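Heads up: the structure comes next, in structure tokens.
The values are calculated or read from the model by the stated rules, or taken from the named source; none is laboratory data. Note that the coordinates shown come from a computational prediction; the quantities given were computed from them, not determined experimentally. FYI the Cβ positions are ideal-geometry reconstructions off the backbone, even for glycines, and counts take in every protein chain you see.
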Amino acid sequence: MSQQHATLLQFFANWCYPCKVLTPIVNAVESTMSDQLRVSRIDIDQEEDLAGRFHIMAVPTLVLMQDSQEIWRHTGVMSEHELKTALGTALSGKL
């Protein structure tokens with residue numbers, strides 16, 4: 001049985017200091033949750049249309065997608081523990 005992975009969209013900008021803080025946290029979570037989750041990193045300066053479609057008003061913003069639906073969103077920096085907990089809750093459908 002194959003379970004479809006969820007996708008975490010990481011919207012960032014190269015000039016954004018909080019984005020630089022969040023990236024290693026997202027990388028760590030991606031490696032520990034790789035059986036459930038894939039990460040797509042989206043530079044808002046390179047992908048303005050995509051950022052607009054997701055109504056990104058500030059970076060860093062994380063958007064969790066499953067079955068083409070947004071199931072969770074967070075703007076700003078969070079700890080690795082907070083991110084794992086939030087993603088686990090969202091993926092279990094307990095939101």
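With the structure loaded, tell me whether THR61 is polar (S, T, N, Q) and in contact with a Ser or Thr (Cβ under 9 Å, 6 or more places away or on another chain) or whether it fails that test. I'd like the intermediate steps shown before the answer.
Working: polar (S, T, N, Q): yes; in contact with a Ser or Thr (Cβ under 9 Å, 6 or more places away or on another chain): yes.
Criteria met by THR61.
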Original post:
Which pairs have Cβ atoms under 6 Å, sit 6 or more apart or on different chains, and link a residue in the stretch 13-31 that is closer than 18 Å to HIS81 by Cβ and in contact (Cβ under 8 Å) with a residue 24 or more places away in the chain to one that is assigned to a loop (DSSP other than H, G, I, E, B) and aliphatic (A, V, I, L, M)?
Top reply: PRO18/VAL77; VAL21/VAL77; LEU22/VAL77
**OP:** Inspect the stretch 20-36 for any residue being of a type outside the set (A, V, I, L, M, F, W, C), under 14 Å from the mean Cα position of the chain (by Cα), assigned to a loop (DSSP other than H, G, I, E, B) and surrounded by 12 or more Cβ atoms within 10 Å (Cβ to Cβ) and give the result as yes or no.
**Re:** yes
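Looking at the stretch 48-70, can you tell me whether even one residue there is in a helix (DSSP H, G or I), modelled with pLDDT of 95 or more and of a type in the set (Ser, Thr, Tyr)? Write out each step before concluding.
Step one: list which residues in the stretch 48-70 are in a helix (DSSP H, G or I), which gives 48-53.
Checking which are modelled with pLDDT of 95 or more leaves us with 48-53.
Still in the list and also of a type in the set (Ser, Thr, Tyr): none.
No - not one qualifying residue is present in the stretch 48-70.
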Original post:
Is the stretch 30-41 home to any residue that is in contact with a helix residue (DSSP H, G or I) (Cβ under 6 Å, 6 or more places away or on another chain) and β-branched (Val, Ile, Thr)?
Top reply: yes
